[in-house]
Amino acid sequence: MTDPDFWNNKEAAQRDVEQVSELRAKIQPFQSLESRLADLFMLKELTADEPVENQATAIAEVRSEYDSLLRDLEKFEFQQLLSGEFDKYPTFLTIHAGAGGTESCDWADMLLRMYTRWMERGGLKAETVDIQLGDEAGVKSVTLRVTGDHPYGYLKNEIGVHRLVRISPFDSNKRRHTSFASVDAVPEIEDVQIEIKDDDLKTDTYRSGGKGGQNVNKVETAVRITHMPTGIVVACQAERSQGRNRELAMRMLKAKLYQLEADKKRAEIERQYGEKGDIAWGNQIRSYVFQPYQMVKDLRTGVQTSDIPGVMDGKIDAFIEGKLRGLTYKKGAQDDEP
């Protein structure tokens, strides 16, 4: 960067600046931790030289600094887990209601609120790209564009099927129901090289809908694109113009096609080496039981809690961290019991 010709190629220079910024964000906190550790050892040595009557206070100071350093070290260690190729990229998060009509649509809406609250807690921002409401309640499907600090790094751990067991509020006989909803996340990769032929696309326009009240568009600005060879369907109604919605929908389509190819390559590697993947679309990853007892359990890691209200209010960091740290759990016969 000190080269006089550094800015001759502005595009390349900007990439270098971004890379330097990312490296500094890792190196500087690490150097700070090293410095604090050295200071802690020095503080410990000084404590040993303190008069007996002052040692209790000095020891308490060492313990306090040690606890603070340990917390920051664990936080730094966790941040290093978010080092995947696309972890920092904006992400399209999609929730689909499973079979089950109103019950599943309501469950998808509950998951939408859970993730929205989690994003608010973590400083992430979400924009509704597309939403299809349920016939009576909830949502059939919803897609959010999530931006902020490593959104894909976190949300890739939520891909799969989420199961709910509860006494249905829509059942007059108060019977227990099981509902399913699927969650998908794909990174928005703007510079990906994917060839999409116009002949392979079917484009439909429609009026925007969703929770907009009187603001719902009166013209057909929403766009739905179907990629005929793969059957992938993307839709966008976030923008006011049809052109902008089509542009965002195409970016979503490219992201999904790239993810599809990446999943195919991973599946082939796992087939050759006899491994079984845990991110294939359709895998049940978490069970939320409201009745007859209260428990949320991740079936991949074994992380569980009885704090149903907290989880549904967005407190899902323990589940995400368990997956990022590579915890594994062998499914047993008593998984649905507390």
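All of the numbers you see were taken from the coordinates with simple rules; none came from a lab. Just so you know, these numbers come straight off a predicted model, no measurement behind them. Here Cβ is always computed from backbone atoms with ideal geometry, including for glycine, and neighbour counts include all displayed protein chains.
Determine the dipole magnitude for the chain: charges of +1 sit on the beta-carbon of Lys and Arg, -1 on that of Asp and Glu, nothing else is charged, the reference point is the Cα centre, and the result goes in debye to the nearest 20.
Details: 47 positive and 57 negative charges, 317 e Å.
Roughly 1520 debye, rounded to the nearest 20.
When Rg is the radius of gyration of the Cα atoms in the chain and Rh is its Kirkwood radius, what does Rg/Rh come to?
Working: Rg = 24.5 Å, Rh = 23.3 Å.
Radius of gyration relative to Kirkwood radius: 1.05.
The phi-based Karplus calculation (6.51 cos²θ - 1.76 cosθ + 1.60; θ = phi - 60°) puts the 3J(HN,Hα) values of the stretch 234-239 at 10, 9, 8, 9, 6, 9 Hz, whole numbers, x for Gly and Pro. When the Gaussian network model of the chain links Cα atoms closer than 10 Å, the mean-square fluctuations of L40, L324, L260 top out at L40.
Think of the stretch 117-212 as having a plus end and a minus end, set by charges on the Cβ of Lys, Arg, Asp and Glu; of T178, T128, T203, T178 sits farthest toward the positive end of this dipole. Calculate, for F41 and D204, the FRET efficiency according to 1/(1 + (r/R0)^6) with r their C-beta to C-beta distance and R0 51 Å; round to the nearest 0.05. Result of the calculation: an efficiency of 0.15. For the stretch 77-118 versus the stretch 144-213, the inter-centroid distance based on Cα atoms is 7 Å. Screening the chain for whole DSSP H helices of 18 Å or more along their axis (Cα) with average Kyte-Doolittle hydropathy at least -1.0 returns 10-48, 52-80, 102-122.
One decimal place: the segment E65-R24 gains 12.3 nm when fully extended, by the rule 0.36 nm per residue minus the C-alpha distance. Loop-located GluC sites (Glu not before Pro) across the stretch 50-127 with a Cβ neighbour count of 11 or fewer within 10 Å are E85, with loop assigned by DSSP. Each stretch of four or more DSSP H residues adds -39500 (n - 2.57); spread over every residue of the chain, this sum gives -14000 deg cm²/dmol at 222 nm. For the stretch 136-196, the equivalent ellipsoid derived from the Cα gyration tensor has semi-axes of 34, 13, 11 Å, listed largest first. Pairwise alpha-carbon distances in the stretch 1-70 exceed 16 Å for 64% of all pairs.
Basic side chains Lys and Arg get +1 at the Cβ, acidic Asp and Glu get -1 at the Cβ, and with that the dipole of the stretch 1-158 about its Cα centre reaches some 400 debye.
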